[in-house]
Structures are given as structure tokens and as C-alpha cells.
Amino acid sequence: MQSNFEVLIDKIITSDSFWRANYYFRSMKKQPHGGVARVFHPNLYLNHYPADTTVLFRSKPKEIEFFFKDIVDEALEEYEKLDIDAEEVLWYCFEGDFWYPGMRLLTPKKQFEDRNNSCPLIWDVISDKKKFLDHFDISSREVVYGLICFLIYDKSIRIQGLKEIIEREDLRESHNKYGLSIVNKAEFSRQGFTLEDKYYLYNIFFDTTIGDPFDKVPYTIKVLTNEINEFDLYMRCDELTAIPKKDKVETATMDAEKFRGITLAFVDIEKLINKKEIIVHYDPKKFNKIIMMIKPDKDSDGNSFYHIEVEQLWNPQMVRDSYVLTNYVHSQYYPESQSFNHIDFSVNQYEIGVYTEKFNDNVSNTAVSIDKYGDEHYKIWCVESDRIEIDIWSKLVNATLDEPFRELYYEMFTLADEKQAVKEASHSRTQNQPSKVL
């Protein structure tokens, strides 16, 4: 038989409102050092990233954030209906590592105010096994809010792939067939952007790493808005992660680290690529791979261009789930102008069995090639412009890849440049040497 408290917890964590609150908070992606993402594992933000709700109690601890109000109202109704002992809930939430929210949320009774000013009263209560209700003035709403935040912290929902997100998301009405809306007039900030009267979080897969300690926007947004003159920018605008702009809350802080990108230049691509080419670069230590596919094509006006696709492939042995997500960047390069006119970022999802065969790249045994496209293809953002320089493309690709793949991406081009240099030097020596008669 479940206790009333266990019934309440089950009702909370299985409700749609809890899923939405959990998804919203996970999409905020508060980084441990203020803004530099450290992604060293596949599917991190969906299933393996700590949802540390303690950050919500730093500035306005007694104010229930807008995105938690629905689940708090629903849980409060159940809490009062089931006649649950508040003392039991408080000990469940605040006895362990979650004591800080308790210190910020709970108001000491008047006779304990001086004690609390010298040392947190909650420490005494916990260490001496005293009663919370004897030492704090506590409302039922505060009890339930503390419980909700603890459950997100302790029982974060595991999201079972892109299908679950797509089924639940509520896209802004004005979106294209890829689910993207034009956001040229948006006001961007560290964890989201304001568009008209709403504040949208960046998509859960969007890397919010900043470029410099005092940057007010993610590095990707900085490159897009500062380095491309005229463009159309499209992003996924999910009403599930949107709130009225007056209720905007951000947990981002100043960061002491700097995003380090790369700069590269293409060799004469037309002399190298005559048909579809696949380039794979491999990490012999961690066994990750990065793949680049280059395919020639013509646009509707007959102009030649190249599809350039970059995808990161995690070592299958690192995957803990039944599926794996990979970051994927597609772009269109025009050799005549030596520039791009289109770049988009997507997430691909693969069933783990198929993915392993793709990664192993053994077509004769599995009939699955390394350039196989994902079972699900989920677009995050897209930028279109008449001219996007090569170095801007390289920065955007580098910023979109997870950290272990940035070095591989860099090596892919430095090694290619070294080979080209050796080839050119060898050709030059051959041209300058006198001919020999044998």
C-alpha cells in the first residue's frame, strides 16, 4: 500500500504539467560556470544533465516562477485533498544536498530570527532532528513549491527521443515546413530571445556557450548577428518554452572562459570534388568520428554549388540509451563567389542498432553506409544570406559541434592543408628539376 505522500509524488511526476516544467527547466541549460557547455556524452541534455533547480532560489526565492505555476497549483490541490503531513514533505526535500533551497524558501519564526542571522537555522533543525514546523512559518504553497523543485532535481524525467518532443511541442503559428519561424526582429539574450510579447528559450539542443566573459548572447548568435550583413534567421519557436516577456527569468551568469573557434580557408574545391565525396576523421583515443559529405548540385538558375554536410558520430559504446542523437550541419557553398548562401543546424536520431552499423562503416556486412541519414531529422535553426563568408561558416559549424568534435573538425582541415602544401611543394620541385635522360 502506498502512503498518501507516495501517491502525491506519483501523481506529480506522471502529470503533463510536470513534464512541461521539467522540459522548460532543462531547456534553460544552466551551465556550471556561467555559460560554457561541456558536452562529453551523447543525449546529454535529454537524459543525463543535472537539473539543478537550486539556482532558482538565489535572487527571488519565494517567487514561484511562471513556468512552475501550473504544476504547483495542481499539486497543491492534491496535497490538500490527501491531507499530507507537511513535516514529512519538508524532511523529504531538505534533509540532504537540497538544503540550500530550504534555507532560502522557509521563513524562521520571529523568536529564531537572530539565530538564523548568525548561522542558517535549517542546519540546526537538520543536524539535531528538530521539527521544521516548530521553527519556520510555512505555507502549504511553499511546501509544494519546494517539493516540485526537489522532484525535478531528484527525479528528472528521461525524454525518449525526438518523437516525444515533437508530439508535445507547440510551434509558433508562422513556421515553415521544417518547423522554423523567422526571428529577424527578435531581441536575443543568453538563454532565450524575446519576440513580440513573448520570451522563448533557445531549443534544448542549441548550444548557449558564450564567446567572451561579458557577452550577452551565445557565441552562435554573436557570429550570426555581428558578422553577416543581411540575412534571414529562422529558429524553432516552441510555445511550450515560451512565457510572457514580463515574466522572463534567466539563470546565466558572467563566465570566465572563452569559446575558441578556428579559421580556415577552402582550397579550390572544384578541382577536388567531381562527385559525392565522404571525408571521415577519427579520434584514436575516444573513438569518436566526424564525417563531412560534399555533393555537387545546381540551383534553379543553373548555377553550380555544393552541399556540404558535417555530422558528429559518438562512439557507440558511450551510448546509454536505445537511441542516439547527433549534431548535423548542412550548408550550400557557391565556388564562383567562394561563399555560402544557406546554413542550417539539425539533430539526427538513430536507433542504436542501425547507428552502430552506420558508425562501423562496413557496407559489405551491414548494408548501412556511414552517410546514412537519421531516422528522425529535427531542425533547430537556419540562416540564409546572399553571401556568408567561409570563415563565418567555419565558426558556426565549430560552435554547433559538441566539444570532443571541435578538435576533430580542426584536425580535418589542418591535415588537409598540410597534405595540400606537401603536394604543391612536391609539384614545384618537379617543375624546377632538369629532366633526366635515362
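The values are calculated or read from the model by the stated rules, or taken from the named source; none is laboratory data. These numbers were taken from a predicted model, which means no experiment stands behind them. When we count neighbours, we look across all protein chains shown, and the Cβ atoms used for this are built from the backbone with ideal geometry, even at glycine.
Observations
- Strands (runs of 3 or more DSSP E) (entirely within segment 290-392) containing at least 3 residues that are of a type in the set (S, T, N, Q) and either in contact (Cβ under 8 Å) with a residue 60 or more places away in the chain or within 27 Å of Asp207 (Cβ to Cβ) (or both): 323-334, 339-351
- Tabulated pairs, segment 61-84, first assigned by TED's automatic domain parsing to the domain that holds Tyr100 and under 15 Å from Phe150 (Cα atoms), second assigned to a loop (DSSP other than H, G, I, E, B) and of a type outside the set (Phe, Trp, Tyr), C-beta under 7 angstrom, 6+ apart or interchain: Glu65/Val249; Ile71/Ser15; Val72/Ile64
- Residue check for Ser331: polar (S, T, N, Q), at pLDDT 90 or above, surrounded by fewer than 16 Cβ atoms within 10 Å (Cβ to Cβ) and closer than 22 Å to Lys276 by Cβ: no
One line per residue, one yes/no per condition, for (1) β-branched (Val, Ile, Thr); (2) modelled with pLDDT of 85 or more:
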site	(1), (2)
Phe18	no, yes
Phe25	no, yes
Lys30	no, no
Gly35	no, no
Pro42	no, yes
Thr54	yes, yes
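- Only listed residue being over 19 Å from Asp52 (Cβ atoms), under 16 Å from the mean Cα position of the chain (by Cα), among the polar types (S, T, N, Q) and not assigned by TED's automatic domain parsing to the domain that holds Phe345, chosen from Asn184, Asn203, Asn176: Asn203
- Phe340 closer than 25 Å to Gly179 by Cβ, of a type outside the set (D, E, K, R) and in contact with a Cys (Cβ under 8 Å, 6 or more places away or on another chain): no
- Within segment 137-149, at least one residue is modelled with pLDDT of 95 or more, among the aromatic types (Phe, Trp, Tyr) and under 26 Å from Lys62 (Cβ atoms).
- Residue check, Lys29 surrounded by fewer than 18 Cβ atoms within 10 Å (Cβ to Cβ) and either within 23 Å of Asp137 (Cβ to Cβ) or touching a Phe, Trp or Tyr at 6+ places or on another chain (Cβ under 7 Å) (or both): no
- Leading residue by the ranking (surrounded by the fewest Cβ atoms within 10 Å (Cβ to Cβ)) among those in segment 211-239 that are closer than 24 Å to Glu65 by Cα and at pLDDT below 95: Lys216
- Residues satisfying the stated conditions in segment 96-114, i.e. exposed (fewer than 14 other Cβ atoms within 10 Å of the Cβ) and of a type in the set (D, E, K, R): Asp97, Lys110, Glu113, Asp114
- Residue match in segment 182-199 (condition: among the aromatic types (Phe, Trp, Tyr) and out of contact with any Ser or Thr (no Cβ under 9 Å at 6 or more places or on another chain)): yes
- Condition check for Pro50 on (1) crowded, with 19+ Cβ neighbours inside 10 Å; (2) of a type outside the set (Ser, Thr, Tyr); (3) not in a helix (DSSP H, G or I): one failure, at (1).
- Only one of Ser118, Ser127, Ser156, Ser181 that is among the polar types (S, T, N, Q) and closer than 26 Å to Ile64 by Cα: Ser156
- Test: Lys60 is of a type in the set (Lys, Arg), more than 13 Å from Ile157 (Cβ to Cβ) and part of a loop (DSSP other than H, G, I, E, B): yes
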